[in-house]
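The values are calculated or read from the model by the stated rules, or taken from the named source; none is laboratory data. Everything quoted here is computed from the prediction, not taken from an experiment. Reconstructed Cβ throughout: ideal geometry from the backbone, glycine too, with neighbour counts over all protein chains shown.
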Amino acid sequence: MNFLIDNWMLISVALLSGGMLAWPLVKGGTGGGINPANAVQLINRERGVLVDVSDPEEFAQQHAGGARNVPLAQFEQRLPEVVKNKAVPVILVCPSGSRANRALPLAKKLGYEKAQVLGGGLRAWKDANLPVEKA
């Protein structure tokens with residue numbers, strides 16, 4: 001018992017650091033989205049659609065292979081035109097992942113319950129050696 005009282009600060013630091021290490025597991029993996037390998041599985045197995053929410057100029061410079069461009073500014077109007085089947089997984093991507101995270105609640109509001117964000121954005125896609133295209 002004296003050990004706990006004498007070392008309360010060390011014990012609290014150990015518990016806090018353990019909690020910080022476990023947080024990504026509790027939150028859901030990549031801390032904000034699915035990884036590129038899981039995205040490819042959704043595309044191949046469940047006919048998932050890769051939607052790039054970048055501006056048209058950014059999309060023209062480079063984008064994930066097979067992605068369809070729906071700029072964030074036009075997202076609510078254009079997503080139903082581009083992805084007609086709301087039952088398929090929709091994987092949202094942008095260069096960094098920040099705009100895709102902003103588009104996720106909009107996709108859910110439109111009825112795309114299987115919408116997810118590619119964690120790490122286009123950078124993670126390229127790091128996984130997956131195809132990148134230029135328009």
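Overview of values
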| quantity | calculated |
| --- | --- |
| Matching entry among Asn101, Asn44 (being outside any strand (DSSP E or B) and either aliphatic (A, V, I, L, M) or free of Cβ contacts under 8 Å to residues at least 12 places away in the same chain (or both)) | Asn44 |
| Residue check for Ala60: free of Cβ contacts under 8 Å to residues at least 24 places away in the same chain and of a type in the set (A, V, I, L, M, F, W, C) | no |
| Filter result for the condition that a residue is within 19 Å of Pro36 (Cα to Cα), at pLDDT 95 or above and outside any strand (DSSP E or B), over Val117, Val88 | Val88 |
| Unique match (being surrounded by 14 or more Cβ atoms within 10 Å (Cβ to Cβ), part of a loop (DSSP other than H, G, I, E, B) and touching a residue at least 60 places away in the same chain (Cβ under 8 Å)) among Leu122, Leu130 | Leu130 |
| Among residues of region 77-98, those that are surrounded by 15 or more Cβ atoms within 10 Å (Cβ to Cβ) and either aliphatic (A, V, I, L, M) or more than 10 Å from the chain's Cα centre (by Cα) (or both), counted | 11 |
| Identity of the residue in region 55-85, part of a helix (DSSP H, G or I) and touching a Pro at 6+ places or on another chain (Cβ under 9 Å), that ends up nearest to Ala135 (Cα to Cα) | Phe59 |
